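One structure is given here, and the rest of the page talks about it.
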Amino acid sequence: PSKMIVYARVSQGFLPVLGVNVTAIIETEDGHQVTLELWDNGVGADTVKHDGIYSRYFTDYHGNGRYSLKVHAQARKSSAKLSVRQQPNKSLYIPGYVENGVITLNPPRPEAPQEEGEVQLEDFSRTASGGSFTVSGAPPNVRPAHDFPPSKITDLEAGFKGDYIQLTWTAPGSVLDKGRGTFKLS
């Protein structure tokens with residue numbers, strides 16, 4: 001089987017809720033259970049940081065058959081915040097086009113005003129069923145999780161620090177977003 005993305009949107013109305021502990025419980029027909037902590041950090045399966053969509057890759061298959069999914073979201077010790085900042089426009093911006101061999105530039109993409117702010121939320125706990133899914137093609141007695149490479153680095157930044165260039169990024173796991181990745185500079 002291939003990798004699967006498990007995700008949960010945590011929101012109040014249309015606004016994302018940040019700082020929540022979100023856990024997916026995935027269970028096989030024979031009762032084997034996998035607990036997967038979902039993240040909203042913009043790394044791995046989570047494509048946008050702090051958008052209220054918590055996600056992770058699931059690869060820990062235990063044979064073929066039906067798997068059920070349950071998601072639990074919990075905020076304790078005043079950790080949850082309602083994001084009231086305007087979400088960035090995710091539509092594709094095309095800087096120009098070619099027509100009859102002539103390059104025509106579009107106007108620059110307008111900057112959206114960023115209303116910063118978060119509203120503290122009271123503690124809460126919610127559980128929802130995510131339904132079920134069927135796995136087929138899982139090889140017997142083989143854990144397919146080791147067949148996947150690390151996730152891509154999506155937030156690489158470089159900056160000068162004295163006479164050196166400092167690189168920073170959020171490290172992906174050794175298997176997609178699971179485990180601890182290693183790197184080697186050459």
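Close amide H partners of GLU118, meaning residues 5 or more places away or on another chain with modelled amide H under 5 Å apart, are VAL84. Each Lys and Arg contributes +1 and each Asp and Glu -1, all at the Cβ; summed about the Cα centre of the range 1-104, the dipole is approximately 440 debye. Multiplying the residue separation of HIS72 and ALA138 by 0.36 nm and removing their Cα-Cα distance gives an extension gain of 21.1 nm.
Listed peptides 157-163, 37-43 appear in the order 37-43, 157-163 once ranked by packing, highest mean of other Cβ atoms within 10 Å at the front. Summing Lys and Arg as +1 and Asp and Glu as -1 over all other residues whose Cβ lies under 13 Å from the Cβ of SER79 gives a net charge of -1. Summarising the amide proton neighbourhood of SER11: residues at separation of 5 or more, or on other chains, whose placed amide H is nearer than 5 Å comprise VAL17.
Just so you know, all these numbers are worked out from the coordinates, no wet-lab data involved. Everything quoted here is computed from the prediction, not taken from an experiment. Cβ sites come from the backbone with ideal geometry, for glycine too, and all protein chains shown count toward neighbours.
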